[in-house]
Amino acid sequence: MPISFTTFVSHFARDPVLAVTTALVLAVILVNGWTDAPNAIATAVVTDALPFRPAVVLAAICNLLGVVCMTAVNSSVAETIYDIADFSGDPSSALTALCAALVSIVAWAVLAWRFGIPTSESHALVAGVTGAAIALRGGLSNVRAAAWSKVLLGLVLSVALGFLLGRLAGRLLPRRGSPRAFRKCQIGGAAAMAFLHGAQDGQKFMGVFLLGTALAAGRRDTETFLIPLWLMVLCALVMALGTALGGRRIIDTVGRDMVSLTPRPGFAADLGGGACLLLCTALGLPVSTTHAKTAAILGVGGRADRRVVRSILLTWILTFPGCGLIGFFTAKCFLSLFS
């Protein structure tokens, strides 16, 4: 049975370790709202299809629906974390390492947000958790190559398919359609992108939440976690808050600084990015909304600012080694201090 809200609050009030773990996971979800979730609504906002605040509300609702629907299909939400790295052994050390990984993800995301660069919190999560797991007893043997191959395959496919499907949509859409009609279509496109973002990222971060609460309770098992509805709502609201607080910086980078978008190419990018996410989700591949949507925008065409594109690509390349190293050294420090 999923944990009830009253039971969780009771444990939260009595257990400072659980309180710290919960705060760190919510911080990661908040920065996901800063840096990743805004990509879903970026094109609709920059082309004036939706004002920023209503777009944030739309994103929150559709993120929640994406999580709920994905959970109905597959409730093994901790599978990604369990498969990426092995946290077996002492639950206390595993929880310390997991908290270090969360700190590294927040640090990386805030740094990227400071420069307005859209980064993938999914890949930061994978890298940070893997780096922290390597710091545990077992070292590199804690890394699971089969799961990492899925992540890397998803990375390549999301970028390639996003670009190609964005270009295809840009060519197939009628060129004489009215901007007003395309703006109306963009509302549906933004809703679909936010829904698929919830189906992808929402599951991953709630899986971390439940894994952290299990470790805080002194458990380390591979049971199937059941996600309670209150947790879905909480995560969607925190993500929306992050988008409301800092999402405009990312939206400006993607939709204005990198490429100047009008309603027609904006809708084409929504179609291409959404189709890419839907296909990868159906295949069970963990992918990033940031990568799929940014690649689709570039695929649609138009003159792109090469300086902005280079900075985005460099951040993507550095996410795995950068966040992994931060996770490793932070975990080593935390383990020496608290274990």
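The residues of the chain expose, per residue, 42 Å² of accessible area to a 1.4 Å probe. Average projection, convex hull of the Cα set of the range 96-138: 2.7 square nanometres. When every alpha-carbon pair in the chain is counted, what percent end up more than 30 Å apart? Roughly 31 percent, once rounded to a whole number.
Using alpha carbons only, how many degrees (0 to 90, rounded to 10) separate the axis of helix 52-73 from the longest principal axis of the chain? The helix 52-73 is inclined about 60 degrees to the chain.
Mean separation of Cα pairs under 8 Å and 6+ residues apart, divided by the residue count of the chain: what relative contact order is that in percent? The value is 39 percent.
Given the options 230, 43, 65, identify the residue whose Cα lies farthest towards the positive end of the charge dipole of the chain (+1 on Cβ of Lys, Arg; -1 on Cβ of Asp, Glu). The residue sitting most towards the positive pole is 43.
Name the most mobile residue of 254, 110, 20, meaning the one with the largest mean-square fluctuation, in a Gaussian network model of the chain with Cα contacts below 10 Å. Comparing 254, 110, 20 in a Gaussian network model of the chain, the most mobile one is 20.
Comparing 149, 92, 120 in a Gaussian network model of the chain, where Cα atoms under 10 Å apart are tied by springs, the biggest mean-square fluctuation is seen for 149. In the range 196-321, the inverse of the mean reciprocal separation of distinct Cα atoms equals 16.8 Å; this is its Kirkwood hydrodynamic radius.
The angle between the Cα long axis of helix 179-197 and the main principal axis of the chain comes to about 20°, on a 0 to 90 degree scale.
Helix 306-338 and the longest principal axis of the Cα set of the chain meet at an angle near 10°. Largest GNM mean-square fluctuation among 157, 215, 318, using the chain with Cα springs under 10 Å: 318.
Would you compute the Debye intensity of the range 271-339 from its alpha-carbon atoms alone, equal scatterers and no solvent, and pass along log10 I(q)/I(0) at q = 0.14 Å⁻¹ to two decimals? Taken in order of the listed q values, log10 I(q)/I(0) reads -0.63.
Only helical runs count toward this figure. For the chain, summing -39,500 (n - 2.57) over DSSP H runs of n ≥ 4 and dividing by all residues gives -25500 deg cm²/dmol at 222 nm. Diffusion coefficient (Stokes-Einstein, Kirkwood radius over C-alpha pairs, 37 °C, 0.692 mPa s) for the range 115-186: 207 µm²/s, rounded to a whole number.
The values are calculated or read from the model by the stated rules, or taken from the named source; none is laboratory data. Computed from a predicted structure; not experimentally measured. All Cβ positions, glycine included, derive from the backbone under ideal geometry; neighbour counts span all protein chains shown. Calculation scope for accessible area: heavy atoms of the full protein, side chains included, ligands and nucleic acids excluded. Shrake-Rupley method; radii C 1.70, N 1.55, O 1.52, S 1.80 Å.
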